[in-house]
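Comments concern the structure below.
The values are calculated or read from the model by the stated rules, or taken from the named source; none is laboratory data. This one's a predicted model, so the numbers in the text were calculated from it and none came from an experiment. Backbone-built Cβ (ideal geometry, glycine too); neighbour counts: all protein chains shown.
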Amino acid sequence: MAGVERYDIRKERLAKSESTSLYGYDDEFRNTIATVDESGKRIWIYPKKPFGSLHTWRVIVTIVLLSLLLGGPFLKINGQPALLLNFFERKFVILGQAFWPQDLVLLAVVLITFFVFIILFTVVFGRVWCGWMCPQTLFMEMVFRKIEYLIEGDAPAQRRLAKAPMSLEKFYKKTLKHSIFLAISIVIAHTVLAYMIGIEQTIAIINQSPSKNLAGFIALVVFTIIFYGVYAKFREQACIAVCPYGRLQGVLLTKESIVVAYDWLRGEPRGKLKKNPEEISHAGDCVDCHLCVHVCPTGIDIRNGTQLECVNCTACIDACDDVMLKIGKPKGLIRFASYNSIKEGVQKIITGRVIGYSIILVILLGVLGFALMTRSDVETTVLKVPGTLYQRENGYITNLYNVEFVNKTFSDINIQLRIESPGYAALVNVAGKPVSVPAEGFLKGVYFIKIPEDYVTNARTVVHVGVYEGDKLIESVKVKFIGPVGKASDAKRN
Ligand code: SF4
Ligand code: SF4
């Protein structure tokens, strides 16, 4: 009986919300972000200390992820960094495998695959990455904000301190807080640099005087200023106004995406808790306590629906669940749910868009797997020496080539070039000595290819050259051999 009554109330509320267009897309809403007032002035957010079971899980996830992030530069696979993104030297190491500018296509496929994965993940699970995994949010909410709570107290105490005139206590608290912020920013700056140039070089910079490695020192100072500025001042604006992923939510989210959502059918009409049981049964479950707003680090009221500022941190879920427990109502008035699952009561995950993105992702993963499996350790480029055509010598036609070898591995490789086809072509190394390409380096050489005149009947003969390390074929390169059209054999006959 209670279930039937509940259903009727939801139906009635749904009809009402649609007729008043409470969550309709034609609603007039705000055209400013929640942290900026109408005159364009920043509204500083003092979120209340979060608490609850989801917050406990976030603390655990944060400890794991930040340990991985800060310890990452020390992780090695086969003696190589697990992750190195050296943009200066255009060298990238992912899971111990080196990638060079020559692997541009492969890197492009990796990036496209990653983006499609992020899109698919967002379409299904909304912005959960932002609240639970993004380093910006983890550092802001779980490190810097926690230090702030520890030194300045909860939101009301922070507000009081901000308004209070300068005193010894205020000076002490502010100085202590900002000194710790600066120290953590220095640690983050060193970590970022270690991901870019490697941990050994970063330690070397630390141990040298700044004048010995001015560029490294300047990079560290710049990174520190940026991180300190972001965490001490810019804060949630990074997610709202700068992060491109955040800005993309408007086009990625669908009505089926699972986001942090307020169940307006259950919560409305909101109002203060009434003592009269009759009134209670017809009122919504939201008692308008504003706790969900007070804990929000981006200053929004989730009861207004999904908004671009929401980073899915779930602080409002915890806060509301606590209220529901206290007033004897079921938890989940704010919960992970899609717009349609609240409206229709059914959560659909597999939609046409999800299937489409999944198919693209599987294809890309296939391409990536194939490209990785067929990727060679040595990249060989063979180009005709500029300004040369061909020479005729002792019954042979010869072409001169510049050859460049790039060794993508971390050890030296002894290379040999051999003609695979046609069998009558021969290859001569001008330097006449064995080729040893240094680890992570490149080597240039000059080679002749010679073909007996009788066999040169085309202007262009395709020669297949094999690149060998011992007996192992590493790569096969196609080379164009230029000869005199028909003239070589004529000349021989005459
Ligand atoms: S915390 Fe829950 S009950 Fe309180 S205002 Fe927010 S939605 Fe309503
Ligand atoms: S609305 Fe809720 S989930 Fe979204 S940012 Fe605010 S507190 Fe976090």
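This table checks each residue for (1) touching an Asp or Glu at 6+ places or on another chain (Cβ under 6 Å); (2) within 27 Å of residue 103 (Cβ to Cβ); (3) part of a helix (DSSP H, G or I); (4) not β-branched (Val, Ile, Thr).
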{"residue": "405", "(1), (2), (3), (4)": "no, yes, no, yes"}
{"residue": "411", "(1), (2), (3), (4)": "no, yes, no, yes"}
{"residue": "414", "(1), (2), (3), (4)": "no, yes, no, yes"}
{"residue": "431", "(1), (2), (3), (4)": "no, no, no, yes"}
{"residue": "443", "(1), (2), (3), (4)": "no, yes, no, yes"}
{"residue": "448", "(1), (2), (3), (4)": "no, no, no, yes"}
{"residue": "457", "(1), (2), (3), (4)": "no, no, no, no"}
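I want to confirm something. Restricting to region 277-302 and keeping residues that are at pLDDT below 90 and more than 10 Å from ligand 1 (Cβ to nearest atom), which single residue is surrounded by the most Cβ atoms within 10 Å (Cβ to Cβ)? Ranking the qualifying residues of region 277-302, first place goes to 283.
It is to be established whether one or more residues within region 145-157 are touching a residue at least 40 places away in the same chain (Cβ under 8 Å) and under 30 Å from residue 252 (Cα atoms). Looking through region 145-157, at least one residue is touching a residue at least 40 places away in the same chain (Cβ under 8 Å) and under 30 Å from residue 252 (Cα atoms). When 399, 414 are screened for being exposed (fewer than 12 other Cβ atoms within 10 Å of the Cβ) and touching a residue at least 24 places away in the same chain (Cβ under 8 Å), only 414 passes. Check region 231-253 and report whether any residue there is within 12 Å of ligand 1 (Cβ to nearest atom) and either among the acidic types (Asp, Glu) or out of contact with any Phe, Trp or Tyr (no Cβ under 6 Å at 6 or more places or on another chain) (or both). No: region 231-253 contains no residue that is within 12 Å of ligand 1 (Cβ to nearest atom) and either among the acidic types (Asp, Glu) or out of contact with any Phe, Trp or Tyr (no Cβ under 6 Å at 6 or more places or on another chain) (or both).
Would you confirm, using the coordinates I've provided, whether residue 127 is closer than 19 Å to residue 299 by Cα and at pLDDT below 95? Yes, satisfied.
Any idea which residue in region 82-116 is farthest from ligand 1 (Cβ to nearest atom), counting only those that are part of a strand (DSSP E or B) and at pLDDT 90 or above? Result: 84. Considering region 117-160, the residues that are outside any helix (DSSP H, G or I) and within 28 Å of residue 340 (Cα to Cα) include one that is nearest to the chain's Cα centre (by Cα), namely 134.
Residues that are modelled with pLDDT of 90 or more and out of contact with any strand residue (DSSP E or B) (no Cβ under 6 Å at 6 or more places or on another chain) within region 257-276 comprise 257, 259, 260, 263, 264, 265, 266, 267, listed in sequence order.
For region 298-346, a residue qualifies if it is acidic (Asp, Glu) and either within 8 Å of ligand 2 (Cβ to nearest atom) or out of contact with any Phe, Trp or Tyr (no Cβ under 7 Å at 6 or more places or on another chain) (or both), and the qualifying residues are 301, 309, 321, 322, 344. Screening the candidates 220, 265, 248 for the property of being over 31 Å from the mean Cα position of the chain (by Cα), part of a helix (DSSP H, G or I) and more than 16 Å from ligand 2 (Cβ to nearest atom) yields one hit, 265. In this structure, does residue 423 turn out to be over 14 Å from residue 396 (Cβ atoms), of a type outside the set (D, E, K, R), part of a loop (DSSP other than H, G, I, E, B) and modelled with pLDDT under 85? So residue 423 does not fit the description; no. Going through (1) at positive phi; (2) acidic (Asp, Glu); (3) crowded, with 19+ Cβ neighbours inside 10 Å one by one, residue 268 falls short only on (1). A search for C-beta distances below 9 Å between a residue of region 287-299 that is in contact (Cβ under 8 Å) with a residue 40 or more places away in the chain and any residue that is within 6 Å of ligand 2 (Cβ to nearest atom) and small (Gly, Ala, Ser), counting only pairs 6+ apart in sequence or on different chains, returns 292/315; 295/315; 296/315; 297/315. Candidates in region 278-293 are the residues that are touching a helix residue (DSSP H, G or I) at 6+ places or on another chain (Cβ under 7 Å) and not charged (D, E, K, R); of these, the one that is nearest to ligand 2 (Cβ to nearest atom) is 292. Any residue at all in region 194-204 that is on the phi > 0 side of the Ramachandran plot and assigned to a loop (DSSP other than H, G, I, E, B)? Yes. Listed residues 454, 377; which is of a type in the set (Asp, Glu) and more than 21 Å from residue 481 (Cα to Cα)? 377 is the lone residue from the list that is of a type in the set (Asp, Glu) and more than 21 Å from residue 481 (Cα to Cα).
Each row is one residue, and each column tells you yes or no for (1) within 16 Å of ligand 1 (Cβ to nearest atom); (2) in a loop (DSSP other than H, G, I, E, B); (3) touching a residue at least 24 places away in the same chain (Cβ under 8 Å); (4) surrounded by fewer than 19 Cβ atoms within 10 Å (Cβ to Cβ).
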site	(1), (2), (3), (4)
323	yes, no, yes, no
328	yes, yes, no, yes
336	yes, no, yes, yes
342	yes, no, yes, no
349	no, yes, yes, yes
355	no, no, no, yes
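Can we say residue 382 is surrounded by 13 or more Cβ atoms within 10 Å (Cβ to Cβ), of a type outside the set (S, T, N, Q) and part of a loop (DSSP other than H, G, I, E, B)? So residue 382 fails the test.
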